[in-house]
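Asker: This is the structure, below, for whatever I ask next.
The values are calculated or read from the model by the stated rules, or taken from the named source; none is laboratory data. What you are looking at is a predicted structure, and each value in this text was computed from that prediction instead of being measured. To get the accessible areas, we keep the full protein, side chains included, count just its heavy atoms, and leave off ligands, DNA and RNA. Shrake-Rupley method; radii C 1.70, N 1.55, O 1.52, S 1.80 Å.
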Amino acid sequence: GTRRDCTMLSVDEKKAIINYRIQKSYGNLNEAKEVVKLVFWNLVGNRFYYSAFHMASALLLNKGLASCFHSGTIHLIGTQFVVKGLLDKSYGRLLSRLFELRQSGDYDDLYDATEDEVIPYIDKTFQFIQDMEKLIVFKGE
């Protein structure tokens, strides 16, 4: 289907999408924790990225900033939140790094993520999505 323009959404629709993305974010994080047990590190990296991406896109939609592209989302989190001091500087790098991890794991046959590479992202990604979630505010609540 065609993507509806984010500006055309009603307040309730917007809220529903934001809540859905927040759920997806935590769902991806939980999947990552399960996949860790199976030692599929590429897949773990992939789930971390999507966990951060879904929360980032929820935050952007909440603030009336939306991008249909992954690179656009990373850029907007950087310019609108990291640069302005609303999110820790390390998060800009973290999101870019998770994106690279996903790209390499998904598209590069010669690349395999390692345990040492991926494990440190468990806590970092969890902290990142929680910090982004705190910035999501619904008017009138």
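Asker: Give the span of region 75-135's Cα atoms along each principal axis, as three whole-Å numbers ordered largest to smallest.
Answerer: 38, 22, 15
Asker: While we're on this one: E117 to L38: extension gain in nm, 0.36 nm per residue of separation minus the Cα-Cα distance?
Answerer: Once the chain is fully extended between E117 and L38, it gains 26.9 nm.
Asker: Right, next: Let me have the relative contact order for the chain, percent, based on Cα pairs under 8 Å that are six or more residues apart.
Answerer: 30
Asker: In addition: Mind pulling the angle between the C-alpha long axis of helix 121-134 and the longest principal axis of the chain? Nearest 10 degrees, somewhere in 0 to 90.
Answerer: Its long axis makes an angle of about 0 degrees.
Asker: A further question on this structure: Of K37/K84; K33/K89; K14/K37; K15/K89, which pairs sit farther than 30 Å apart, going by alpha carbon to alpha carbon?
Answerer: From the list (K37/K84; K33/K89; K14/K37; K15/K89), the Cα-Cα distance tops 30 Å for K37/K84; K14/K37.
Asker: Measure off, as a whole percent, the carbon and sulfur share of the 1.4 Å-probe accessible area of the chain, all protein chains present.
Answerer: In the chain, the share of accessible area belonging to carbon and sulfur is 54 percent.
Asker: Pick from I122, I22, I74 the residue whose mean-square fluctuation is largest in a GNM of the chain, springs joining Cα atoms under 10 Å.
Answerer: I122
Asker: With the Cα gyration tensor of region 25-141 in hand, convert its eigenvalues to equivalent ellipsoid semi-axes via √(5λ) and list them largest first in whole Å.
Answerer: With the √(5λ) rule applied to region 25-141, the semi-axes are 25, 15, 12 Å.
Asker: Here is a further query. Under the rule a/c < 1.5 gives rounded, and otherwise a/b versus b/c splits prolate from oblate, where does region 19-76 land using the Cα gyration tensor?
Answerer: Because a/c hits 1.5 or more and a/b fails to exceed b/c, region 19-76 counts as oblate.
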